[in-house]
Amino acid sequence: MKIQVNKHQLERVVIKWLNKHFGDLTPKKDKNDPNSVFYVNSNDKVMMEYDKISESVYIHYNNIWSKIESMFNIKYDDVISIMKVWLRDTYNLEGVTPIDG
């Protein structure tokens with residue numbers, strides 16, 4: 001049996017999952033790379049990198065991006081759309097471009 005959900009419902013489910021697993025990343029700066037902010041988990045592993053110059057956020061592919069695509073059966077462009085909302089609402093990163101990295 002397949003469950004059908006509309007785009008808004010799917011977005012809410014994915015964002016809830018993202019917040020549960022990656023909603024508490026800590027922003028860290030590196031003095032050797034002043035144009036980037038690294039978002040790390042509790043093990044100090046980089047999950048995202050915000051590039052201030054290009055206004056891009058590189059999302060860790062294996063730990064975040066590919067899981068969203070496979071778990072929720074979402075296409076690349078839809079992941080981008082959802083990630084924009086999540087990054088804005090959770091990390092106050094308005095107008096950034098998410099990139100699988």
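Brief remarks follow.
- Distance (nanometres) between label positions extended 7 Å along Cα→Cβ at Asp24 and Asn73: 3.2 nm
- Note on Lys45: lysines with a C-alpha under 21 Å away, same-chain residues under 8 apart excluded, are Lys20, Lys28, Lys29, Lys31, Lys67.
- Measuring max minus min along each principal axis, the C-alpha atoms of region 22-70 give extents of 35, 25, 15 Å (largest first).
- Cut-off 10 Å between beta-carbons: net charge of the residues surrounding Thr97, Lys and Arg +1, Asp and Glu -1: -1
- Max mean-square fluctuation residue, GNM over the chain, Cα-Cα springs under 10 Å, options Asn41, Asn19, Asn32: Asn32
- Folded to 0 to 90 degrees: helix 7-22 orientation relative to the chain principal axis, Cα: 40 degrees
- Candidates Met48, Met71, Met83: whichever shows maximal mean-square fluctuation once the chain is modelled as a Gaussian network with Cα springs under 10 Å: Met71
- Residue with peak Gaussian network fluctuation, the chain [Cα springs, cutoff 10 Å], from Lys45, Lys31, Lys20: Lys31
- Pairs of Cα atoms farther than 16 Å apart, the chain, %: 56 percent
Read-outs: derived from the displayed coordinates by stated rules, not from any lab. Just so we're clear, the structure is a prediction, and the values are computed from it rather than from any experiment. Cβ sites come from the backbone with ideal geometry, for glycine too, and all protein chains shown count toward neighbours.
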